[in-house]
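The next block holds one structure in the form of structure tokens; read it before the comments.
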Amino acid sequence: MTRLFNFSAGPGVLPETVLQQAAAEMLDWHGSGQSVMEMSHRGKEFISIAEQTEADLRELLAVPSNYKVLFLQGGATLQFEMVPQNLLAGHPSADYIHTGEWAKKAIKEAKAVGKVNIIASSEDRKFTYAPKGWTPTPGAAYVHYTANETIGGVEFHQTPDTGDTPLVCDMSSNILSKPIDVSKYGLIYAGAQKNIGPAGLTIVIIRDDLIGKANPTPSTMMNYKTHADADSMHNTPPTYAIYIAGLVFQWLKAKGGLAAMEQVNIAKANTLYSYLDSTAFYNNPVEKADRSLMNIPFTLKDEALDEAFLAGAKKAGMLQLKGHRSVGGMRASMYNAMSLEGVQHLVNYMREFEKQHG
Ligand SMILES: *Cc1c(COP(=O)(O)O)cnc(C)c1O
């Protein structure tokens, strides 16, 4: 068996020890005589898994008690619709920060529900920075922003201050990468497959007072109240994905929690950025202060070399370095489960490639 270094933007790399534990427990979970996949979601075994998973997530993020944690499906993409249906409907408008591909999709869906104000945008410089210094529109239901643009590689390193206007955040690709102050947010959502666990699970952290106020009331499955009232068991939840996420949360706790992860993530990102900045052979277009710790896009001096770069990377034991089709070039995604060793391996390969082709 060989596991290669996986730089995929998502579904992303998972901790090897988590996969090993899942493998060991695959046929018989804790002497229950069944796989987690085969359990009733209402049985005591799975309820214990779900409760522990939520408790561990709350501990990792220090989620205040006036917030609900929901385990949903449909990806961050469904949240692009659920957020406005629950929070914008019945209000004059909502504010959105436009930072690239993912923000654009969120904005499109909000516009189908109500009035959207783009109060800041980085489109003027091809989405290569995180706009700051904006203020919410009076009466706006919320301000929505994308904490980390997975494709552009732009990250907000500070939580914006929106005063009394609820802050809504798509945190799909940097949740759990560093400590955050949840109390500054009205709602946080994240698809699991970047930095949490398998695809199929979406996490929503929502302040109590934002639940059940929509007018008109959204349809049953689109209503946060449905899922909050039923402890995310209105219908069958993605049980196996929740179980794996729970193992990842235990792994994060054993690693020292999010403050410790942040240090590792900074070290990994610095390793690649400092090399990128030391040579004209490679280029990252993002403003230094707003560079993502999770997703690092870069181009080669001559794009005719792209194919050789990727083929060589594969040979050297690295997967999924091809950039997003909309921007081209390369992208190295370095979620929590990517080791510093993996990033060093990448930089060594890049240096070698430059020597041969530079
Ligand atoms: C991947 C991603 C999404 C879309 O997630 P799905 O689970 O595919 O719906 C949305 N926002 C961001 C920031 C992402 O990285």
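Structure notes:
- Residues located in segment 228-242, provided they are more than 19 Å from residue 206 (Cα to Cα) and either modelled with pLDDT under 95 or under 22 Å from the mean Cα position of the chain (by Cα) (or both): 238, 239, 240, 241
- Residue match in segment 27-45 (condition: on the phi < 0 side of the Ramachandran plot, under 22 Å from the mean Cα position of the chain (by Cα) and surrounded by fewer than 16 Cβ atoms within 10 Å (Cβ to Cβ)): no
- In segment 300-329, the residues that are touching a residue at least 40 places away in the same chain (Cβ under 8 Å) reach residues that are exposed (fewer than 14 other Cβ atoms within 10 Å of the Cβ) and of a type in the set (Gly, Ala, Ser) with C-beta atoms within less than 8 angstrom, at least six apart or across chains, in these pairs: 301/280.
- For segment 275-282, the criterion of being closer than 30 Å to residue 59 by Cβ, in contact (Cβ under 8 Å) with a residue 12 or more places away in the chain and loosely packed, with under 14 Cβ neighbours inside 10 Å is met by none of the residues.
- Meets criteria (away from the ligand (no atom under 16 Å from the Cβ) and buried (at least 18 other Cβ atoms within 10 Å of the Cβ)) for residue 246: yes
Conditions (1) more than 10 Å from the ligand (Cβ to nearest atom); (2) within 17 Å of the chain's Cα centre (by Cα); (3) over 24 Å from residue 99 (Cα atoms); (4) among the small types (Gly, Ala, Ser), marked per residue:
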position	(1), (2), (3), (4)
144	yes, yes, no, no
177	yes, yes, no, yes
196	yes, yes, no, no
201	no, yes, yes, no
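- Considering segment 1-112, the qualifying helices (runs of 4 or more DSSP H), each wholly inside and each with 3 or more residues that are within 16 Å of the ligand (Cβ to nearest atom), closer than 30 Å to residue 285 by Cβ and not assigned by TED's automatic domain parsing to the domain that holds residue 315, run over 75-83, 101-111.
- Boolean, residue 233 is open to solvent by less than 40 Å² (accessible area, probe 1.4 Å) and not assigned by TED's automatic domain parsing to the domain that holds residue 92: no
The values are calculated or read from the model by the stated rules, or taken from the named source; none is laboratory data. This structure is a prediction, so every number in the text was calculated from the model and none was measured. Positions of Cβ are generated from backbone atoms using ideal geometry, with glycine treated the same way; all protein chains shown enter the neighbour counts. Surface areas here come from the heavy atoms of the whole protein model, side chains and all, with no ligands, DNA or RNA. Shrake-Rupley method; radii C 1.70, N 1.55, O 1.52, S 1.80 Å.
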